[in-house]
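**Student:** Have a look at the structure that comes next, please.
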Amino acid sequence: MNKPMATLGAAAAGALAMYYLDPELGARRRALLADLVRGVPGERRPAGRGRYQRRAYLRATHSDPRNDAELRDRIREALDRMVSHPGALNVSVDNGVVRLSGRVLAKEREGLLEQVQRMPGVQKLVNAMSAHDDPQELAAGDRPIPLEAASR
């Protein structure tokens with residue numbers, strides 16, 4: 001009686017091993033099984049980053065205006081190193097959501113977005129910048145508004 005059950009168990013174990021150790025689809029199946037065991041069905045997290053993502057979520061839900069002001073100041077300070085015309089950009093932060101607006105050189109835009117996105121405390125980045133190819137366009141926009149035009 002035990003011999004047929006042992007044979008059936010060995011066959012099931014062999015089939016299970018073939019299913020998960022398959023060279024083509026086995027890695028995906030093992031990852032799905034690991035997510036299922038962790039309790040996250042259908043959602044995969046990047047390896048080694050879960051702890052940091054949870055911390056970022058907690059920071060976002062417990063955000064206060066002082067943190068937003070500090071983040072805005074850090075970004076403004078870093079703009080001097082990131083772009084050639086930092087005065088042409090405006091930075092606003094609300095609950096970790098950073099909004100960049102103003103004018104930037106087209107060749108500097110992607111690098112700026114990547115660097116700001118990587119800064120600690122940035123939950124989301126909104127790009128409201130206009131890109132220009134000619135640095136003269138940025139410099140022309142930095143001129144102060146004449147008093148007559150401002151009073152209209």
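**Student:** Looking at this structure, is VAL93 surrounded by 17 or more Cβ atoms within 10 Å (Cβ to Cβ) and at pLDDT 90 or above? Spell out how you get there, then give the answer.
**Tutor:** Working: surrounded by 17 or more Cβ atoms within 10 Å (Cβ to Cβ): yes; at pLDDT 90 or above: yes.
Considered against the rule, which asks whether it is surrounded by 17 or more Cβ atoms within 10 Å (Cβ to Cβ) and at pLDDT 90 or above, VAL93 comes out as yes.
**Student:** Output the number of the condition that MET82 fails; it satisfies all remaining conditions of (1) modelled with pLDDT under 80; (2) under 30 Å from GLN136 (Cβ atoms); (3) not polar (S, T, N, Q).
**Tutor:** Going through the list (1) modelled with pLDDT under 80; (2) under 30 Å from GLN136 (Cβ atoms); (3) not polar (S, T, N, Q), MET82 breaks only (1).
**Student:** Right, something else. Among what's in segment 101-118 and is over 15 Å from the mean Cα position of the chain (by Cα) and of a type outside the set (S, T, N, Q), pick the residue that is surrounded by the most Cβ atoms within 10 Å (Cβ to Cβ). First the steps, then the outcome.
**Tutor:** We begin by selecting, within segment 101-118, every residue over 15 Å from the mean Cα position of the chain (by Cα); these are 101-109.
Still in the running and of a type outside the set (S, T, N, Q): 102-109.
Values: GLY102: 17, ARG103: 20, VAL104: 25, LEU105: 18, ALA106: 12, LYS107: 11, GLU108: 15, ARG109: 17.
For segment 101-118, the residue satisfying everything is VAL104.
**Student:** Tell me whether segment 119-129 contains one or more residues that are modelled with pLDDT under 55, on the phi < 0 side of the Ramachandran plot, loosely packed, with under 15 Cβ neighbours inside 10 Å and assigned to a loop (DSSP other than H, G, I, E, B).
**Tutor:** Within segment 119-129, none of the residues are modelled with pLDDT under 55, on the phi < 0 side of the Ramachandran plot, loosely packed, with under 15 Cβ neighbours inside 10 Å and assigned to a loop (DSSP other than H, G, I, E, B).
The values are calculated or read from the model by the stated rules, or taken from the named source; none is laboratory data. For clarity, every value in this text was computed on a predicted model and none was experimentally measured. Cβ: placed from backbone, ideal geometry, glycine included. Neighbour counts: every protein chain shown.
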